[in-house]
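The values are calculated or read from the model by the stated rules, or taken from the named source; none is laboratory data. Everything numeric here is computed off the predicted structure, so don't read it as measured data. Neighbour counts are summed over all protein chains in view; Cβ atoms, including those assigned to glycine, are modelled from backbone coordinates with ideal geometry. Just the protein is used for accessible areas: all its heavy atoms, side chains included, with ligands, DNA and RNA removed. Shrake-Rupley method; radii C 1.70, N 1.55, O 1.52, S 1.80 Å.
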Amino acid sequence: MRNLRLLWIAGFAATLYAQDPRPPFRGPEIRLLGAQPGRPRQVVKGAPYTADVATEINRTLADGNKIRRVVAERVYRDSEGRTRRETSLSEIGVPAPPGGGPQLAFIDDPVAGVSYVLDLGARTATRTPWRPPPPDGSRRRQLRARAEDVNRKTESVGRQTIAGLPADGTRTTQTIPAGQIGNTLAIQVVTERWYSPDLQTVILEKRSDPRSGDYVYQWTNIMRAEPAASLFAVPVDFSLSQAPRPRGRGPRPPPPQ
């Protein structure tokens, strides 16, 4: 029962992640919960891909001890904007069975309006309603608030070729003034982000935060061919169930067919 609850926590966060698969910024031990995104992006059509995504997190403790974590995943998107992400149970804090390889797959299908969490070992799938992105106005208000933040500075760092694709870079420096969070000195958090216009997503991101350490999020082995359609569907031999309806979220979706 505990593993099932953890699976659902991962599935909910992965629904957010799959639509904007970048790492969270809440410390080195949190990868899926509150995924940074946290905000689904617009569905991207006509830009399919298959890629490997790695997140490396390094943190040095006060006594000189070091913590290093590397999370590796496989991501896919088809020409209609469907996405799939494959990961291991060990990446979400649940011991993985022997044998290696991904144990979970998260599918978001904005065409059908559904999301799935697939347990590849148990050959089960659970369906939830797909969560659409927020209205454009919400994003514009957020960007405006950031632009008006006097402690935030964003600058262009040009264009580079990243993993074979042209990418536009920006560097953002966020200053936390002394005393704002009990800090005696100002804290600077520096984020460098490289955005691929071709794929309409960030393919390299580096972040340095004295509070939580450094990380690098990077795409490699990018293939722009159309992934197999079967990757975005539940296999016919999987047992399919419907997720419990969250309270206060409207009527229950129709049962799986």
request  = Output the qualifying pairs, or none if there are none: Cβ atoms under 6 angstrom, residues six or more apart or on different chains, first residue in region 224-244 and farther than 18 Å from residue 127 by Cβ, second residue surrounded by 17 or more Cβ atoms within 10 Å (Cβ to Cβ) and not polar (S, T, N, Q).
outcome  = 224/49; 226/48; 227/76; 227/78
inquiry  = Cβ contacts < 6 Å: first residue among the basic types (Lys, Arg), restricted to region 205-220; second residue buried (at least 19 other Cβ atoms within 10 Å of the Cβ) and at pLDDT 95 or above, any location; separation 6+ or different chain. Result?
reply    = none
inquiry  = I want to confirm something. Restricting to region 208-257 and keeping residues that are of a type in the set (Lys, Arg) and touching a Pro at 6+ places or on another chain (Cβ under 8 Å), which single residue is modelled with the highest pLDDT?
reply    = 224
request  = State which residue is farthest from residue 66 (Cα to Cα) when the search covers only region 191-213 and only residues that are open to solvent by less than 50 Å² (accessible area, probe 1.4 Å) and either among the hydrophobic types (A, V, I, L, M, F, W, C) or more than 20 Å from the chain's Cα centre (by Cα) (or both).
outcome  = 199
message = Step by step: first the residues of region 116-145, then only those that are farther than 20 Å from residue 237 by Cβ and surrounded by 15 or more Cβ atoms within 10 Å (Cβ to Cβ), then the one that is modelled with the lowest pLDDT. Which residue is that?
response = 133
